[in-house]
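Right, one structure below, let's go through it.
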Amino acid sequence: MHEWSLAEAVIATVIEESIKEGLEEITKIKIKIGELQQMDTEIFEFALNEIAKVQDVGLLLSEMRIEMETERAILKCGVCGKEWAFDETGLGEEEYEAVHFAPEVAHAYIRCPSCKSPDFEIVQGRGVLIDYIKGSGK
Amino acid sequence: METAMDPRLNIIDKRLAGIKRLIAVSGGKGGIGKSLTASVLALTLSKMGYRVGLLDLDLSAPSTHVILGIKDVYPEEEKGIIPPEVHHIKFMSIVYFTRDNPAPLRGIDISNAMLELLAVTRWGSLDFLIVDTPPGIGDATMDVIRWLRRAEFLVMTTPSKVALETVKKVIKMLTELNVPIIGVIENMKMEKSSWVKHDLKEFNVSILGEIDFDITIEGSIGDVNKLLESDFAAIIKELVLKSSGFDLKT
């Protein structure tokens, strides 16, 4: 699943940033998931935990708690300024799947509900971001 | 530690770790044969027995799938995306997801889409990944330099003052950034001339060779066998074999 590759990226980043900051034990991470990414959060969390077990490089990831927050995707037309939500767009199953793999392809399927322009901006709700990493160090 | 971090940046090197060489086909202008060269180069290297991937990063105007006649295939999802193997080439393009629809992407969207593809595509082991880039030194080329840090550039030009003007800027930028340039190919020659070579003398780049304008090549588009039999492919193979930049074992 696509969720696994992003989970691998999250754990790699947590490890790298924790080493940089001198953390020895990670107690919690918070991840923001953009709605546009169309992630299955259960699979994502399972993948994060599984990869954390395998990737543990002396950092104590075993006690790490994971908090996830899904951010609603809001789009804004660059031509007429109309703002609308991704969940109002009514895409078909195939289009949803395509957006799941590469969220920017939303531009191939979505048009401004007001002026029909494809020139819109993703104001929020795109991508997977690590909001913070909590832990203790030396 | 509180700052929003994009985890995709930390996985790209791992995704590309099994690839021995990354070759970005670049050039100043559109319509000078970058995509055709990238496609035929991928086919040629594959025919020679190398394990090859082709990544189309011309996200707004992908065309390598048309050149290679690739249709009705879709990547497999297995802890990421596995590019399908077509004509013995692992092929990745945004066209799998946009299909026939126009995808009008602004700079930030191009960077994000490219980052997503690089973060989730699992290439496995390859001898070469050929990357088709859009013209000029815009977002995609800058992102190739930023994220495909081992990329070597193959630069295309034509005997046109307009094309060469921008190619010089591409070469200047790559040189300034210490990005390796395998060499320059002068494509679509319609008459004997040496002014392109002369004009490029001020740069420390090797001129790999010239390819005559091939009036028959359009009839080979979409047909891999015809492409491989074309004069264009014969010259690409010759240039690749004799170029010290490619350093192939014959």
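The values are calculated or read from the model by the stated rules, or taken from the named source; none is laboratory data. These figures come from a predicted structure and were not determined experimentally. Using ideal geometry, Cβ is built from the backbone for each residue, glycine included, and neighbour counts are taken over all protein chains shown. These area figures cover heavy atoms from the full protein model, side chains too; ligands, DNA and RNA do not enter into them. Shrake-Rupley method; radii C 1.70, N 1.55, O 1.52, S 1.80 Å.
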Check your understanding: Put A:M39, B:M188 in order of accessible area, largest first, 1.4 Å probe: what do you get?
Key -> B:M188, A:M39
Revision key, fill the gap. Ordered by number, the residues of the range B:77-125 with at least 50 Å² less accessible area in the assembly than alone (1.4 Å probe) are B:E77, B:K79, B:F97, B:R99, B:P104, B:D109, B:E116
Review point. Nearest 10 degrees, 0 to 90: what angle lies between the long axis of helix B:107-120 and the longest principal axis of chain B (Cα atoms)?
Key: 70 degrees
Check your understanding: Projected area of the range B:17-67, taken from the Cα convex hull and averaged over every viewing direction, in nm²?
Key -> 4.1 nm²
Revision key, fill the gap. Ratio for the range B:1-118, C-alpha Rg to 2.2 N^0.38 Å, reads 1.13
Exercise for review: On a C-alpha basis, how far is the centre of the range B:8-35 from the centre of the range B:126-192 in Å? Whole number, if you could?
Suggested key: 11 Å
Review point. Could you work out Rg/(2.2 N^0.38 Å) for the range B:102-150, with Rg from alpha carbons only?
Key: 1.21
Practice item. Please give the solvent-accessible surface of A:C77 in Å², to the nearest 10, using a probe radius of 1.4 Å with every protein chain present. Key: 10 Å²
Review point. If you wrap a convex hull around the C-alpha atoms of the range A:74-124 and split its volume per residue, what is the figure in Å³?
Key: 66 Å³
Practice item. Please list B:R99, B:R146 in order of solvent-accessible area, largest first, computed with a 1.4 Å probe with all protein chains present. Key: B:R146, B:R99
Point to revise | Accessible area expressed per residue, the protein assembly as shown, with surrounding protein chains retained (probe 1.4 Å, Å²) | key: 45 Å²
Practice item. Would you calculate the volume per residue, in Å³, of the smallest convex hull containing every Cα atom of the protein assembly as shown? Key: 154 Å³
Check your understanding: What is the percent of Cα-Cα separations in chain B that go past 24 Å?
Key -> 44 percent
Point to revise | the range B:168-250: C-alpha gyration tensor shape, a/c 1.5 cut-off, then a/b vs b/c | key: prolate
Point to revise | Interface area, B with A, accessible, probe 1.4 Å, both sides summed, Å² nearest 100 | key: 3300 Å²
**Study point:** Helix B:161-176 vs. chain B, principal-axis angle (Cα, 0 to 90°, nearest 10)
**Key:** 50 degrees
**Study point:** Listed residues B:V162, A:V14 arranged by accessible area, highest first, probe 1.4 Å
**Key:** B:V162, A:V14
Exercise for review: In whole angstrom, note down how far apart the Cα centers of the range B:64-83 and the range A:92-114 are.
Suggested key: 18 Å
Study note, to complete from the structure: Here the net charge surrounding B:V196, from other residues whose Cβ is less than 14 Å away from its Cβ (Lys, Arg +1; Asp, Glu -1), is 0
Point to revise | Proximal lysines to B:K237, defined as alpha-carbon separation beneath 22 angstrom and excluding residues fewer than eight positions away on the same chain | key: B:K20, B:K34, B:K47, B:K90, B:K189, B:K192, B:K197, B:K226, B:K249
Review point. Once a ≥ b ≥ c are taken as the square roots of the eigenvalues of the Cα gyration tensor of the range B:86-129, is the result rounded (a/c under 1.5), prolate (a/b larger than b/c) or oblate (a/b not larger than b/c)?
Key: oblate
Point to revise | Semi-axes of the equivalent ellipsoid for the range A:1-137, Cα gyration tensor, largest first, Å | key: 35, 15, 10
**Study point:** Cα-Cα P(r), the range B:189-231, percent of pairs per 10 Å interval
**Key:** 23, 36, 26, 15
Revision key, fill the gap. Long-range amide H partners of B:K90, meaning residues 5 or more apart or on another chain whose placed amide H is closer than 5 Å, are B:V52, B:G53, B:L54
Review point. Considering only DSSP beta bridges whose two residues both sit in chain A, what percent are antiparallel, to the nearest 5?
Key: 65 percent
**Study point:** Fraction of accessible area attributable to carbon and sulfur, the protein assembly as shown (%, probe 1.4 Å)
**Key:** 48 percent
Review point. With every protein chain present, what accessible area does B:F203 have (1.4 Å probe, heavy atoms only), rounded to the nearest 10 Å²?
Key: 30 Å²
Study note, to complete from the structure: Once all protein chains are kept in place, B:M92 shows an accessible area at probe 1.4 Å, nearest 10 Å², of 0 Å²
Point to revise | Chain-alone versus full-assembly comparison, the range A:120-138, residues with accessible loss of at least 20 Å² (1.4 Å probe) | key: A:R126, A:V128, A:L129, A:I130, A:D131, A:Y132, A:I133
**Study point:** Diffusion constant of the range A:59-103 at 10 °C, which comes from Stokes-Einstein with the Kirkwood Cα-pair radius and 1.306 mPa s, µm²/s
**Key:** 116 µm²/s
Check your understanding: Mind checking which helices in chain A clear 27 Å along their axis (Cα) and have mean Kyte-Doolittle hydropathy of 0.0 or more, DSSP H runs only?
Key -> A:2-21
